[in-house]
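Engineer: Structure in C-alpha cells, see below.
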Amino acid sequence: MGLTHIVKRDGRIVRFDSDKITDRIYQAAVSTGGFKQDIDSLPSQLANEIYQPYLSANEQDIAEDLTCQVVDHLISQGLKHLKVEQAQDAVEYVLKSQAFVDVWEAYRLYRWSRTAIRDDIITEEQFSISGLPEQKCQEIEEWNQKHGCATISALNGIVGDPKAYQSLVESSIQEYERELDNILEAYKKNPSRLVFIAGPSSSGKTTTTNKVVERIESLGLKCKFWTIDNYYKGLEHIPQDQFGDYDYETPDALDLGLIQKHLPNLFAGNKVSVPFYSFEKGERDGISTRMQLTDDEVLVVDSLYSLSPQMFPEDILSEKAFKIYIETLNMVQDSTGRQVKLTDNRLLRRMARDSRPQSEGGRGYPVDHTLGHWHYVRKGELRYLIPFMNTADYIINGSLAFELPILKKNLASKLPKLDLEPFRKQKRWDAVIRGHRIKKLLDELVSTSDQFVPEDCHLREFIGKSKR
C-alpha cells in the first residue's frame, strides 16, 4: 500500500508529495557540491563498490532514486499516520545508508535550522545554509591570501622556509589574540554576569575560555568556571550502538534537569553541589565542588551546546548571556581547488589529542576509535549547535593557518596504522569516507615540527606540551 497522506506539524492532513522530498535532497546535494563529492573522495575501486548504482546517473536522477528508497523505507514501517518528522528521519537514514555523507550533513543542518526558525529561536537572517559565518569566512580568506597560505601548495612552500614558517606561526597567533581583544571590546558594550563559550568538538574552547576570562578579569571583574561535563548521565542512560560506542554528543546525555535547576540557583546566590563525572568509570562519582556565585562574579560556561535552547532555555536565564562561538575556519584549498573541510581539521586535532596517553593529558584511544565515533560528533553539532551559530555576540576563528603540517607530523606514527577495512566490512561508510579524505589531505601536506608553537597556544590542547 502506497503513501497517500502526511500529517503536518500543525495537525493538518495533506496529500503526500514525494517530489518535495526529491527537491530537498537535490538542494542539499547542490549546497555541498553535489553527490559526486563523496564519490570523488574515494579510490576508484572503493567508489565503484559503494556507489555503483549512481556512477552513470546525473544529479537529478540520483535524487529521484534516493526518494524512491525513502518511500520504500517508510512503507516498510507500516505507518498508519505518516508525520513530517518521520519522513525527514527516513531521508537521513537513506542518505547515510547510501554513503552520501556530505549530502546527509547538508540535509540535517537545513532540517534543524528551519525548525529553529519555525520555533522563533533564530531568524531568517541568522540562518546559514552552508553552516558557516559567511562574512567571517571571507575575512579569513582575505587574510590567507595576504599571508600567502590560501592553498596547501602555498602552505607547503612556506614550511620549506623556516623563517617564513615561523613568521606565519607568529602572525596567526597574533590574529587569534587580536580577535580575543575584539571579544573584550564587544563584551564591554554588552556586559553580563553570564558568559557562554560554545563551539564544536576540538575547536579550541578550553584555551579560548581561559584567555577570555583573563581579559574579562582585566576589567576588575571576577570569573568563576562552571564545568558542564560533570553533569553527564551514567553510561546506563546513554545510548550504545552495536559496536559498543556511546553517544555522548547530545544534550540528552547530560542531566539537563539538574543543570537547569542549578543555574538559577547560582544566580540567586544559593550554594549548589556540582557532581563529579568519572569518564573512566562512566558514572557520577561524588561531588566535584560546592559552588556559590557572589554578586560581583561572572559565571563562565564552556560547553559544547550552551547556545542550544535545549540546554539553557530562556525561562531559566536571570539575565541575557554574552555568547561566544568558536569554529576552526581554516579556509584553505586542497589540490582540487576545494576547501579543506572544517570538520576534517577538527577530526585531526581530536585524533592527536585522544591518541596521547592519559599521563600526557590524552585519552589513550587509537585513531580508529576517534574516527568511528565522529559520526556522533557531527550528528549532535548539526542539530544542537551549528544552527544557532549566528545567535552569538562574537564568532572567533579557532583555526591556525600553520597547524595542518604540524598535525601531520604529530600523527605520522599513528595514521598509517589506521585500518579502514573493518569499517568497510561493517558498512560504516561515514568512517570510510572521512578516513580516506583525511589520508588524502595529509598526503598533500609537508609535515613540520611544533618548535615555533608557544606553550600557551590553543593548538597545544591537541598536540601536547601545554602550560595551561
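The values are calculated or read from the model by the stated rules, or taken from the named source; none is laboratory data. What you see is a predicted model; the values in this text were computed from it and never measured. Note: ideal-geometry Cβ built from the backbone for every residue, glycine included; neighbour counts use all protein chains shown.
Engineer: For the list (1) over 17 Å from the mean Cα position of the chain (by Cα); (2) modelled with pLDDT of 95 or more, I need the number of the one condition that R383 fails.
Structural biologist: (1)
Engineer: Give the number of residues within the range 20-48 that are free of Cβ contacts under 8 Å to residues at least 40 places away in the same chain and surrounded by fewer than 12 Cβ atoms within 10 Å (Cβ to Cβ).
Structural biologist: Adding up the residues that qualify gives 2.
Engineer: Filter the range 282-306 for residues that are part of a strand (DSSP E or B) and acidic (D, E); which is modelled with the highest pLDDT?
Structural biologist: E297
Engineer: Checking the condition touching a Gly at 6+ places or on another chain (Cβ under 9 Å), of a type in the set (D, E) and more than 26 Å from R15 (Cβ to Cβ), which residue from E49, E105 passes?
Structural biologist: Exactly one of E49, E105 is touching a Gly at 6+ places or on another chain (Cβ under 9 Å), of a type in the set (D, E) and more than 26 Å from R15 (Cβ to Cβ), namely E105.
Engineer: Further question: How many residues does the range 132-145 contain that are free of Cβ contacts under 8 Å to residues at least 12 places away in the same chain and in a loop (DSSP other than H, G, I, E, B)?
Structural biologist: Qualifying residue count, the range 132-145: 0.
Engineer: Moving to a separate point now. Only one of these is within 26 Å of the chain's Cα centre (by Cα), surrounded by fewer than 19 Cβ atoms within 10 Å (Cβ to Cβ) and touching a residue at least 40 places away in the same chain (Cβ under 8 Å): I129, I122, I117. Name it.
Structural biologist: The unique qualifying residue is I129.
Engineer: Would you mind finding the one in S153, S171, S202, S167 that is assigned to a loop (DSSP other than H, G, I, E, B) and either surrounded by 15 or more Cβ atoms within 10 Å (Cβ to Cβ) or of a type outside the set (A, V, I, L, M) (or both)?
Structural biologist: S202
Engineer: Also, quick follow-up: Quick one: Q292 ticks every box in (1) surrounded by 15 or more Cβ atoms within 10 Å (Cβ to Cβ); (2) free of Cβ contacts under 8 Å to residues at least 60 places away in the same chain; (3) in contact with a Gly (Cβ under 9 Å, 6 or more places away or on another chain) bar one, so which box is it?
Structural biologist: Single failed check for Q292: (1).
Engineer: Can you tell me how many residues within the range 445-465 are buried (at least 18 other Cβ atoms within 10 Å of the Cβ) and not hydrophobic (A, V, I, L, M, F, W, C)?
Structural biologist: Looking only at that region, the number is 5.
Engineer: List the residue pairs whose Cβ atoms are under 9 Å apart, where the first residue sits in the range 331-355 and is free of Cβ contacts under 8 Å to residues at least 24 places away in the same chain, the second is of a type in the set (F, W, Y) and surrounded by fewer than 22 Cβ atoms within 10 Å (Cβ to Cβ), and the two are 6 or more positions apart or on different chains.
Structural biologist: Going by the 9 Å Cβ cut-off, the qualifying pairs are D354/Y365.
Engineer: Does F279 satisfy the condition of being within 18 Å of I386 (Cα to Cα) and either crowded, with 21+ Cβ neighbours inside 10 Å or modelled with pLDDT under 90 (or both)?
Structural biologist: The answer is no for F279.
Engineer: Also: Looking only at the range 247-278, how many residues end up being in contact with a helix residue (DSSP H, G or I) (Cβ under 6 Å, 6 or more places away or on another chain) and outside any helix (DSSP H, G or I)?
Structural biologist: 10
Engineer: Here's a check for you: in the range 224-260, which residue that is within 19 Å of D295 (Cα to Cα) and surrounded by fewer than 18 Cβ atoms within 10 Å (Cβ to Cβ) is nearest to the chain's Cα centre (by Cα)?
Structural biologist: Applying the filter and picking the extreme gives F225.
Engineer: Would you say K96 is touching a residue at least 12 places away in the same chain (Cβ under 8 Å), touching a strand residue (DSSP E or B) at 6+ places or on another chain (Cβ under 6 Å), in a helix (DSSP H, G or I) and at negative phi?
Structural biologist: no
Engineer: For the range 331-370, which positions are more than 19 Å from the chain's Cα centre (by Cα), basic (K, R) and either at pLDDT 95 or above or within 22 Å of D38 (Cα to Cα) (or both)?
Structural biologist: Of everything in the range 331-370, just one residue is more than 19 Å from the chain's Cα centre (by Cα), basic (K, R) and either at pLDDT 95 or above or within 22 Å of D38 (Cα to Cα) (or both), namely R338.
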